[in-house]
Amino acid sequence: MSLLGGSIAAQQPPAGPEPVRPPPISQAELVRRLTTSLDSLTKAGQFSGVAVLAKKGVPVFQRAFGMADRERQVANNLETAFNLGSINKVFTQIAILQLRAAGKLDLDSTVATYWPDYPNKAVATRITIRQLLRHTSGIGGNIFDPPAGGKRNDIRTLNDYLPLFVNQPLVFEPGTKNAYSNAGYVVLGLLVQRLSGEDYYAYVREHIFEPAAMTRTGSFAVDSLPANTAIGYTRGDENAPTNTPLRRNSRDLPGRGSSAGGGYSTAADLVKFVQALREHRIPNGPPPGLGIAGGSGGMNAVVEGDLPGGYDLIVLANLDPPAAERVSRMTRQWLGVRGDDGG
């Protein structure tokens, strides 16, 4: 059973001979293509960041490209941290499943069961935890709006996000549609806090990052980022020509990321994350063969685990999408992964 996509039915293979697949690409050729393509994309202004290809937690290709801070002429390096966008949602999913395993929640119970004084009772009594996880709850609202009478920079806690959407009615009957909901994942993060008795950021650090030895991962205040953290640069539209001037995305960011996204990590830490999943060191973590991405203005990140050949691919970029996703798509094609083969 997939929490995000519902049950996956086994399909019978069609009658007739198996389709002919190309022979597997050699590791040397794969590394050559990654090197050539990333050099070319960087030169064309279409990539800036870090790419790592690993096998069983050991990199077979790792390189940094472009600038972490263009104004100060600071280059990206292998230890540079990048904004992950929505990749943080996988950490929230794990936290919820850990709390279920601890007997603290039932995925098919309503939000009101665990949060009886939720500010919008008409919503809380109708949506379940599973619907929040699957983006089928109907919760709408834009968590990227500034707070009333304030600035985006004023948003520093999960509670600061809640007024941006909590009083809005559901946009559809729960369970009848699927619509991506950042607001729903803010609610999940707040439930993690209520049921664990811990601050959300502290919970994921203790129960997910520390078991995986992820020392450079966290949600940091935008005005006090740790050293060696990339600044995001956006052209304002992912379809804008590459000659469109870049600007810092700092003014578009909240004061701190949330359980829906906006945390930071390094490629090395994310390699550790996938390997920790493989070694079952993160309780209730998903299988290592996950494919997750996050992106917004000035940020794009991809984590692909258990690709053919036993590879894990991490691509982090401080440019607009599809800077990282483009590299992931190319790599999957080289490895013979069809568009519908997972990820």
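The values are calculated or read from the model by the stated rules, or taken from the named source; none is laboratory data. No experiment lies behind these values; they were computed from the predicted model shown. Quick reminder, even Gly has a Cβ in these numbers, built from the backbone with ideal geometry, and neighbours come from all protein chains shown. What goes into the accessible areas is simple: the full protein's heavy atoms, side chains included, and nothing from ligands, DNA or RNA. Shrake-Rupley method; radii C 1.70, N 1.55, O 1.52, S 1.80 Å.
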Give me a count of the residues in the range 222-245 that are among the small types (G, A, S), out of contact with any strand residue (DSSP E or B) (no Cβ under 6 Å at 6 or more places or on another chain) and surrounded by 14 or more Cβ atoms within 10 Å (Cβ to Cβ). 1
Of all residues in the range 57-67, which are farther than 13 Å from A268 by Cα and not in a strand (DSSP E or B)? G66
Matching residues in the range 198-215 - criterion: being open to solvent by 60 Å² or more (accessible area, probe 1.4 Å) and among the charged types (D, E, K, R): D199, R205, E206, E210
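Here's the yes/no breakdown for (1) free of Cβ contacts under 8 Å to residues at least 24 places away in the same chain; (2) crowded, with 21+ Cβ neighbours inside 10 Å:
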site	(1), (2)
F82	no, yes
P119	no, no
A122	no, no
D145	yes, no
Determine whether L316 is modelled with pLDDT of 95 or more, part of a strand (DSSP E or B), open to solvent by less than 10 Å² (accessible area, probe 1.4 Å) and not aromatic (F, W, Y). yes
Out of G85, G140, G103, report the one residue that is at pLDDT below 95 and not aliphatic (A, V, I, L, M). G140
For the range 56-76, which positions are open to solvent by 60 Å² or more (accessible area, probe 1.4 Å) and modelled with pLDDT of 95 or more? V58, Q62, R63, R70, E71, R72, Q73, V74
Single match in P283, P288 (criterion: in contact (Cβ under 8 Å) with a residue 24 or more places away in the chain, touching a strand residue (DSSP E or B) at 6+ places or on another chain (Cβ under 8 Å) and open to solvent by 10 Å² or more (accessible area, probe 1.4 Å)): P288
Of residues in the range 16-55 being of a type in the set (D, E, K, R) and assigned to a loop (DSSP other than H, G, I, E, B), the one modelled with the lowest pLDDT: E18
Name the single residue that is farthest from N159 (Cα to Cα) among those in the range 94-106 being in contact (Cβ under 8 Å) with a residue 12 or more places away in the chain and surrounded by fewer than 17 Cβ atoms within 10 Å (Cβ to Cβ). A101
Tell me, which helices (runs of 4 or more DSSP H) lie completely within the range 156-246 with 1 or more residues that are at pLDDT below 95? none
